[in-house]
Amino acid sequence: MPGFAATSVKAGNATGLLKISPEKHLAFIAVNDTTPSESATFTRILQIDLNAPAAALPSFTLQGEDGENDLVLLGDLLYVTGNPAPGKKALLRFNSTTGAQDQAIDLPRDTPTRLAFVTLKKTPLVAGPFVGMLVTMADDYKVVVVDLKKARLVPRYRIPVQLYPMDIVVDGKGQTAYVLNWIVNTITAINLEAAFGVKGFPNFTQEPPAVIKKYHQDVINACTDLMSHFLQHLKDCFCDKFLVDCPTCGEEDKVYLGCVEIRENRVYYICNFTKRRYVKSFQTWGYWLSVIPILPAIKTIFGQFCCSILDTKP
């Protein structure tokens, strides 16, 4: 930008995740050490002292996708979500001073997550103040809670939100959490005192029975099956129009093979195209237009499309 001079702080293939501690002037940056090219996958979290970039500070080994993970700071503690193994999602805690990992809490499923701290004076969980982490689960349309003191998920507890929550913040007073629901472009406001309750969790925070969850998934599967059959029907109807019906012949019908002109009792010329009619089949058009090399490829692709089965179930 005009008037601004860029200053290189430290070299590294940054991938996108960034958190700065203004009190300690520290930056935590997700980087990828396996490739020099641009990447959305990080392999570790790099820690930089902004006042002394050359200082050697601990870094934290963890892998994941930038768009599906988050990191937050609480004093000397760094909380990061990532993938400790393929298909697994966990919340990990690192000590920024020593670089040691001292917590790893498995999350319900591998889905895009966002993090926000919450501190409550009274909850049904503990007698004293409760320090927890709100974790959005994008594919489940809910927020789960991690008890940071006990290093575990609060069992059978969730706060329902709308489609695909992709960000969460808690206001300065710690009374309300705001969740951005990306697909429907709405914001869910969560009254934390009401959501946790002093005397007990409200009904809406309880995970539904397994039979309701199974029914929900069965409805989704049924709708998916109906849509796949409908698309299969549309595709088959479209391709059926390209199949030429064989005409029926009557007694008065004639099939012309060509035209012969006779002059002075002698054959003058024979023309196979005069009055002759051809069935415009794929084979005929393919023969006529075989001089165009792209036609065999188009024929193969079209044939594979028309013979494909959109319903993947056996």
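For the chain, excluding the exposed loop sites themselves (chymotrypsin sites (Phe, Trp or Tyr not before Pro), DSSP loop, at most 13 other Cβ atoms within 10 Å), the longest remaining stretch covers 5-241. In this structure, Met227 and Glu207 have a Cβ-Cβ separation that, at R0 = 30 Å, corresponds to a calculated FRET efficiency of about 0.60.
If the chain between Phe305 and Thr34 were fully stretched, how many nm would it gain, using 0.36 nm times the residue separation less the Cα-Cα distance?
93.6 nm
The distance between label points at Ile220 and Asp76 comes to 4.3 nm (points 7 Å beyond Cα on the Cα→Cβ vector). Using the alpha-carbon atoms, what tilt in degrees (0 to 90, nearest 10) does helix 294-306 show relative to the longest principal axis of the chain? On a 0 to 90 degree scale, this one is about 70. Using Cβ point charges alone (K and R +1, D and E -1), the dipole size of the chain about the Cα centre works out to roughly 300 debye.
Treating r as the C-beta distance of Asn51 and Lys150 and R0 as 51 Å, the FRET efficiency rounds to 0.90.
If you take all other residues with their beta carbon under 15 Å from the beta carbon of Val179, and give Lys and Arg +1 and Asp and Glu -1, the sum is -2.
For the chain, modelled as a GNM whose springs connect Cα atoms under 10 angstrom apart, the maximal fluctuation among Pro22, Pro165, Pro58 occurs at Pro22. Taking only the C-alpha atoms of the chain, Rg followed by Dmax gives 33.5, 121 Å.
The angle between the Cα long axis of helix 210-240 and the main principal axis of the chain comes to about 20°, on a 0 to 90 degree scale. Among the listed pairs Lys89/Lys173; Lys241/Lys299; Lys24/Lys89; Lys214/Lys235; Lys213/Lys235; Lys121/Lys149, those with a Cα-Cα distance over 23 Å are Lys89/Lys173; Lys24/Lys89; Lys214/Lys235; Lys213/Lys235. Centroid-to-centroid, using Cα positions, the stretch 57-109 and the stretch 10-48 are 13 Å apart.
All of the numbers you see were taken from the coordinates with simple rules; none came from a lab. Just so it is clear, the structure is predicted and the values come from calculations on it, not from any experiment. Glycine gets a Cβ as well: all are built from the backbone with ideal geometry, and neighbour counts include every protein chain shown.
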